[in-house]
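Undergrad: Structure in structure tokens, see below.
The values are calculated or read from the model by the stated rules, or taken from the named source; none is laboratory data. Here the structure is a predicted model, which means the values were calculated and not measured. Cβ: placed from backbone, ideal geometry, glycine included. Neighbour counts: every protein chain shown.
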Amino acid sequence: MTYQPPAHGFRTFLIVWATQSVSVFGTALTFFAMTIWLTQTLYPRPEQKPELAFALSAVSLAFALPTVFGAPLAGAWADRHDRKRTMIAIDCANGGLSLLLAILMLTNVLQLWMVIVLVALHALFSAFHFAAFDTSYAMIVPEKQLPRANGMMQTTWSLSGILSPGIAAMIISLPTLARQGLIAGDLGAGLARFSDGAPLAITLDAITFFFAAAVLIFLTIPSPKRADLHATDGSRKSIWADVKEGALYIWHRRPLLWLLGTFAVANFVGGPLDVLMPLVVKFNLAPDWSSRGFTFETAFALIGTVGSIGGVAGGLLISAWGGLKKRRVYGVVVAMIVQGCVMIAFGWSPWIFLTAAVSFFGHAMMPITNAHSQAIWQTQTPRELQGRVFAVRRLIAQFSWPLSTALAGLIGGLFDPGAVIIVLGGILTVFCVGQLFNPYLLRVEDKAYLDQMAARKAAIQMAGDM
């Protein structure tokens, strides 16, 4: 019997979407605040560029490694346990981590290694949260509305990028404004005691996590019922057997593997941007933004905000449009080609306003790419398998992200970061143009073809084991 989502499932999704969006916004505040702390407090001098590049790379790696390599275990967990309870527990745990980070900053004992540990724990917890949340869509949203729901979530990530840089910069500046007498009364006196406003932004992040967890308590989010948790001999299947099952589902359907390979290249190219973008703003664009009276914080926030506005525009477009109903793979590949061209322009630009403009178009492509990809996977994968399959999918697509992030820490300190971005953008553009002529990738949405391919490979494997 075909699964039917609850009658008011999309309404439930809207509530979850709204509350989790608040949490996403809070997390964006924390990461912006940490970037400012690294560039302006820990490594503020120009001659510290190699140390800053290393620190940015180390923090990015601390997030990337648990996110990527914890995904298979998190996905298998999501298929075995109540997804709502998992999300509540993880929101509470991440809220506690954010509070601890804020306290360490407030007491002036925070060191780089502590940031790395806390970020790694946050990423590992978030891998379990994302696996539970990502696989809950198909349980509460009708299939025809999945692209719209995916577009809304993509809009959330971009909207947080619009709001968080400006608000985080404002919160971080509050102690300075208070010491200048621009904030009066007891509030101003209290704020003036802070040497840095970053802990205030991070504390707000903790509050958003606890808020998201509290709202989930009152919602109904069903989890799929599995009938395959026990082997034929009655023993309970191990969680690693679940991971293997998710891997085999993809391995036996090679067009899905080609789709993941395309994302692996895109993530290799895009991974260094978290390291290279602050370096481009701090060094390559400094003559332009300083001549306009900007500070590093405002210049960095401007590019991030304009780029995220583009992301919201792309998210709103895909939400209202619903995306391609057929041949969704073109919605993935063509959008990636545009992103590659944008990266070339981003790395070349010596002007902050032009850089912000091309960032707008690059970010606008991300929701279109991801919403089409997500819709492909959601319609090709049975609901009871989505946790395991999506987790392995994330591992294959993103394994290149930590690798390129580590390389960025080296090349960002040795070479011109703008030139590096140009080269990476060229690689993405050329590769994705080639995928437009890949016959295997272009059949990724032919479910009958994929299932027949999987049946043949499973039969061959079974014959080989006999």
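Undergrad: Based on this model, can you work out whether ALA123 counts as of a type in the set (A, V, I, L, M, F, W, C), touching a residue at least 60 places away in the same chain (Cβ under 8 Å), in contact with a helix residue (DSSP H, G or I) (Cβ under 8 Å, 6 or more places away or on another chain) and surrounded by 22 or more Cβ atoms within 10 Å (Cβ to Cβ)? Break it down into steps so the answer makes sense when it comes.
TA: Values: of a type in the set (A, V, I, L, M, F, W, C): yes; touching a residue at least 60 places away in the same chain (Cβ under 8 Å): yes; in contact with a helix residue (DSSP H, G or I) (Cβ under 8 Å, 6 or more places away or on another chain): yes; surrounded by 22 or more Cβ atoms within 10 Å (Cβ to Cβ): no.
Criteria not met by ALA123.
Undergrad: Taking THR262 and the conditions (1) hydroxyl-bearing (Ser, Thr, Tyr); (2) out of contact with any Cys (no Cβ under 9 Å at 6 or more places or on another chain); (3) crowded, with 22+ Cβ neighbours inside 10 Å, which numbered condition does it fall short on, given that it satisfies the others?
TA: Just one mismatch for THR262, condition (2).
Undergrad: Specify which of the listed residues (LEU442, LEU428) is modelled with pLDDT of 85 or more, over 30 Å from PRO350 (Cα atoms) and either in a helix (DSSP H, G or I) or more than 28 Å from the chain's Cα centre (by Cα) (or both).
TA: After applying the criteria, what remains is LEU442.
Undergrad: Give me the pairs: first residue in the stretch 346-363 and surrounded by fewer than 18 Cβ atoms within 10 Å (Cβ to Cβ), second residue among the charged types (D, E, K, R) and assigned to a helix (DSSP H, G or I), beta-carbon distance under 6 Å, and six or more apart or on different chains, which are they?
TA: From the stretch 346-363, the pairs are TRP351/ASP288.
Undergrad: For the stretch 114-137, does any single residue satisfy the condition of being modelled with pLDDT of 80 or more, aliphatic (A, V, I, L, M), closer than 24 Å to LEU216 by Cβ and over 22 Å from the mean Cα position of the chain (by Cα)?
TA: No, the conditions are met nowhere in the stretch 114-137.
Undergrad: Name the residues in the stretch 30-75 that are farther than 30 Å from PRO382 by Cα and among the small types (Gly, Ala, Ser), would you?
TA: Result: ALA33, ALA53, ALA55, SER57, ALA58, SER60, ALA62.
Undergrad: Output the residues belonging to the stretch 279-301 that are outside any loop (DSSP other than H, G, I, E, B) and surrounded by fewer than 22 Cβ atoms within 10 Å (Cβ to Cβ). Step through it out loud before you land on a result.
TA: Here is the first cut: in the stretch 279-301, the residues outside any loop (DSSP other than H, G, I, E, B) are 279-284, 286-291, 296-301.
Correct list: LYS282, PHE283, ASN284, ALA286, PRO287, ASP288, SER290, SER291, PHE296, GLU297, THR298, ALA299.
Undergrad: In the stretch 286-334, which residues are of a type in the set (D, E, K, R) and in contact (Cβ under 8 Å) with a residue 12 or more places away in the chain? Give the steps one after another, and end with the answer.
TA: Start the filter on the stretch 286-334 by keeping residues that are of a type in the set (D, E, K, R), which leaves 288, 292, 297, 325-328.
Across the stretch 286-334, the qualifying residues are ASP288, ARG292, GLU297, LYS326, ARG327, ARG328.
Undergrad: Also: Tally time: how many residues in the stretch 38-83 are in contact with a helix residue (DSSP H, G or I) (Cβ under 6 Å, 6 or more places away or on another chain), outside any helix (DSSP H, G or I) and of a type outside the set (Ser, Thr, Tyr)?
TA: Adding up the residues that qualify gives 1.
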